[in-house]
1. If you take every DSSP beta bridge fully contained in the chain, what fraction is antiparallel? Give it as a percent rounded to 5.
2. What is the dipole size for region 114-156, taken about its Cα centre, with +1 at each Lys and Arg Cβ and -1 at each Asp and Glu Cβ, in debye to the nearest 20?
3. Across region 109-121, in residue order, what do the Karplus-derived ³J(HN,Hα) couplings come to in whole Hz, using 6.51 cos²θ - 1.76 cosθ + 1.60 with θ = phi - 60° and x for Gly and Pro?
4. Taking the Cα centre as origin and putting +1 on Lys and Arg beta-carbons and -1 on Asp and Glu beta-carbons, what dipole magnitude results for the chain, to the nearest 20 debye?
5. Which percent of Cα-Cα pairs in region 1-156 sits in each 5 Å bin, short to long?
6. Considering only protein heavy atoms, what per residue accessible area in square angstrom results for region 114-156 with a 1.4 angstrom probe?
7. Tell me, what % of the accessible area of region 114-156 is carbon and sulfur with a 1.4 angstrom probe?
8. Sort 107, 39 by heavy-atom solvent-accessible area, probe 1.4 angstrom, most to least.
Amino acid sequence: MRLILLGPPGSGKGTQGDLIEEKFGFPKISAGDLLRSAVKQGTPSGLKAKKSIDKGELVEDNIILEMIKKRIGKDDCRNGYTLDGFPRNVSQAELLEQVHSEQEETVIDIKVDDSTVVKRLSSRFICTECNNIYNIKKAGIKDEKKCARCGGKLVQREDDRPQVIKKRLAVYHNETEKLVHYYEKRGIYKAVNGEGRIDEVFQRICSLINKIYMQSQECEA
Ligand code: AMP
C-alpha cells in the first residue's frame with residue numbers, strides 16, 4: 001500500500017507515520033527529513049532547499065521529487081510505504097502518479113485547526129540525531145533537552161518560529177489543500193480527526209487502514 005499522509009504542518013503526520021511503520025511495517029518517507037538531511041550534508045540541492053525551508057516556502061518540485069524517487073526505489077519500499085509531506089501541491093501529485101507503483105494508493109488527511117498547529121509547533125522540539133519529535137510541554141521536558149530514544153540533543157526547528165509557522169500555514173491553505181479535491185476525485189481520499197492525543201488519532205488511522213485492507217481482500221477473493 002502506498003499511503004499518503006496529508007495535513008497541515010504540526011498535524012502529526014511524522015509521528016503517526018512512525019507509528020504506522022511500527023505497526024504495519026510500511027517505511028515512513030518524510031519529505032522534510034530528506035530535505036533537512038541534504039541541508040545537513042551541505043549537498044547542492046540541500047543548500048538550494050535551505051533558502052526556501054527557512055522562509056517557510058516550498059522547495060522546487062524537481063529537488064524533492066528526485067529525493068523521493070530515490071528513496072522509493074529502495075528495497076524496503078517494495079511492499080508499501082507511507083509518504084509524509086509529499087506531495088504538497090497538485091504538480092507534485094501529478095509527478096508522483098508517473099512514479100511506478102504496484103501498490104494500492106490511499107490518502108489519509110489528518111485534520112487539525114490552525115490554532116492547534118500554532119500551539120503544537122511552538123512547543124515542538126526535534127532530535128538532531130534520530131529526528132524523533134517531542135512536544136516539550138506535554139513531555140514535561142524543561143532544562144535538559146535530550147532525546148529519550150538516543151540521547152541526542154533536542155532543538156527547535158528554525159521554521160517552527162511564529163512568523164515562519166504563519167507562512168507555512170498560508171502555503172498549506174493555498175497549495176496543499178487543493179489536493180483534497182484532487183484525491184477526492186480519484187476516490188482515494190479519507191479524512192481523520194487529528195485533534196486529541198497521539199494514541200487516539202492513531203486508533204482512528206488504524207481503523208481506516210484495517211477497513212481498507214479488508215475491502216481490498218474482499219476484492220481479491
Ligand atoms: P515538514 O518537515 O514536512 O514540515 O517540511 C519542512 C519544510 O520542508 C517545508 O516547510 C518546506 O519548505 C519543505 N518541504 C517539505 N516537503 C516538501 C515538498 N513536498 N515540497 C516542497 N517543499 C517541501
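The values are calculated or read from the model by the stated rules, or taken from the named source; none is laboratory data. No experiment lies behind these values; they were computed from the predicted model shown. Please note: Cβ atoms are built from the backbone with ideal geometry, for glycine as well, and neighbour counts cover all protein chains shown. Heavy atoms of the whole protein, side chains included, go into the accessibility calculation; ligands, DNA and RNA do not. Shrake-Rupley method; radii C 1.70, N 1.55, O 1.52, S 1.80 Å.
1. Numbers: 6 of 23 bridges.
Counting DSSP beta bridges with both partners in the chain, the antiparallel share is about 25 percent.
2. Once rounded to the nearest 20, the dipole reads 120 debye.
3. Taking θ as phi minus 60°, the curve returns 9, 8, 8, 9, 6, 4, 5, 5, 4, 4, 4, 5, 5 Hz for region 109-121.
4. In total the dipole reaches around 920 debye.
5. Here the calculated profile for region 1-156 is 2, 8, 16, 21, 22, 18, 10, 4, 1, 0.
6. 64
7. With neighbouring chains kept in place, the figure for region 114-156 is 50 percent.
8. 39, 107
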